[in-house]
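So the structure is just underneath, and the comments pick up after that.
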Amino acid sequence: MNSVLKELYASPEVTSRSGKVFPLFPASIGWHKGVSLYEWIRRTRPRVTLEIGFAFGASTLFICQALEDNGVGEHHVVDPWQTTVWDSCGLERIEQAGLSHRLTFYGAPSYQQLPRFLEQQRSFDFAFIDGQHLVDYVLLDCFYADLLIPVGGALALDDIWMPSVRKVARFLLSNRGYGIVDYTNRWLGGRLAPPRLRALIEWALRCRYGAAMVRPMFRFEGLLYVQKTHQDARAWDWYRDF
């Protein structure tokens, strides 16, 4: 794994070039989730990837390193606070890791930048949703990401332990053409869940109250991968409770 990543996770704090000091967590993903992102990219070999949220660049480093090791791919990251709140820590680490050629950065809110991608007729094979965790923002990010990825493309939702994120996951599974293809959490140590466990998690998320039966699984900083199985073909008045 890239030495910059190892250095980043070796300390509980992150220091920018200007000397600002930040706690590594909770703004960064856990190492186990980063490893699963790396393995997912290596296995599926996407050509163009998208990420909402940047902070210290931890998940971006895992994704860009996987693209680099694949020998192909470009990564696009959207974060309005990278140069203000986060003092460019993520951009600095991507540069230090020698991965800047894999990254295109957009310093705008996702609700502004994602429609621009649509206007430009951009397409992404994979999107990692890890921006604002308010339910309306997560839903909006997924709404636009769905329009930007083709059938067969995938979304990864971070922090599935949060009710707001689980709510959006239930919407995708119950009202849109998505199915769970992978899941990992701290208990799994970054390994992807076996088929039976994925089936249980999908049942729990599809069932409005089923999550309570497997709630301990959702407490371990889970990362959920869902794949787009078909284009939206709902009637104008379709609705299924979620």
Note to self: Among the residues of segment 39-46, are any buried (at least 24 other Cβ atoms within 10 Å of the Cβ), under 23 Å from TYR111 (Cα atoms) and modelled with pLDDT of 95 or more?
What the structure shows: no
Item checked: Filter result for the condition that a residue is at pLDDT 85 or above and of a type in the set (Gly, Ala, Ser), over GLY189, GLY179 -> GLY179
Check: Are there any pairs, at least 6 apart or on different chains, whose C-beta atoms fall under 6 Å, with the first in segment 128-140 and under 17 Å from SER28 (Cα atoms) and the second among the small types (Gly, Ala, Ser), and if so, which?
Finding: PHE128/ALA156; ASP130/GLY53; GLY131/GLY53; GLY131/SER110; HIS133/SER164
Note to self: For HIS76, only one of the following conditions fails: (1) surrounded by 15 or more Cβ atoms within 10 Å (Cβ to Cβ); (2) outside any strand (DSSP E or B). What is its number?
What the structure shows: (2)
Notebook entry, point to check: Out of curiosity, is GLU68 part of a helix (DSSP H, G or I) and out of contact with any His (no Cβ under 6 Å at 6 or more places or on another chain)?
Noted result: yes
Checklist line | Breaking point among (1) among the polar types (S, T, N, Q); (2) over 24 Å from GLY19 (Cβ atoms); (3) open to solvent by less than 10 Å² (accessible area, probe 1.4 Å); (4) part of a helix (DSSP H, G or I), for THR49 | finding: (4)
Check: If you scan segment 1-44, which residues turn out to be touching a residue at least 24 places away in the same chain (Cβ under 8 Å), outside any helix (DSSP H, G or I) and within 16 Å of the chain's Cα centre (by Cα)?
Finding: ALA27, SER28, ILE29, GLY30
Margin query: With over 18 Å from PHE105 (Cβ atoms), modelled with pLDDT under 90 and either open to solvent by less than 10 Å² (accessible area, probe 1.4 Å) or not charged (D, E, K, R) (or both) as the only criterion, which of GLY30, GLY34 stands out?
Written below: GLY30
Next item on the list: Among the residues of segment 79-90, write down those that are in contact with a helix residue (DSSP H, G or I) (Cβ under 9 Å, 6 or more places away or on another chain) and surrounded by fewer than 24 Cβ atoms within 10 Å (Cβ to Cβ).
Entry: PRO80, GLN82, THR83
Next item on the list: Output the residues belonging to segment 141-151 that are in contact with a Ser or Thr (Cβ under 8 Å, 6 or more places away or on another chain) and either in contact (Cβ under 8 Å) with a residue 40 or more places away in the chain or on the phi > 0 side of the Ramachandran plot (or both).
Entry: ASP141, LEU148, ILE149, PRO150, VAL151
Item checked: Residues of segment 103-127 satisfying the condition of being out of contact with any helix residue (DSSP H, G or I) (no Cβ under 6 Å at 6 or more places or on another chain), buried (at least 18 other Cβ atoms within 10 Å of the Cβ) and in contact (Cβ under 8 Å) with a residue 60 or more places away in the chain -> ASP125, PHE126
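The values are calculated or read from the model by the stated rules, or taken from the named source; none is laboratory data. Since we're looking at a predicted model, the values are computed, not measured. No Cβ is skipped: glycine too gets one built from the backbone with ideal geometry, and neighbour counts run over all protein chains shown. Surface accessibility is based on the protein's heavy atoms, side chains included, excluding ligands, DNA and RNA. Shrake-Rupley method; radii C 1.70, N 1.55, O 1.52, S 1.80 Å.
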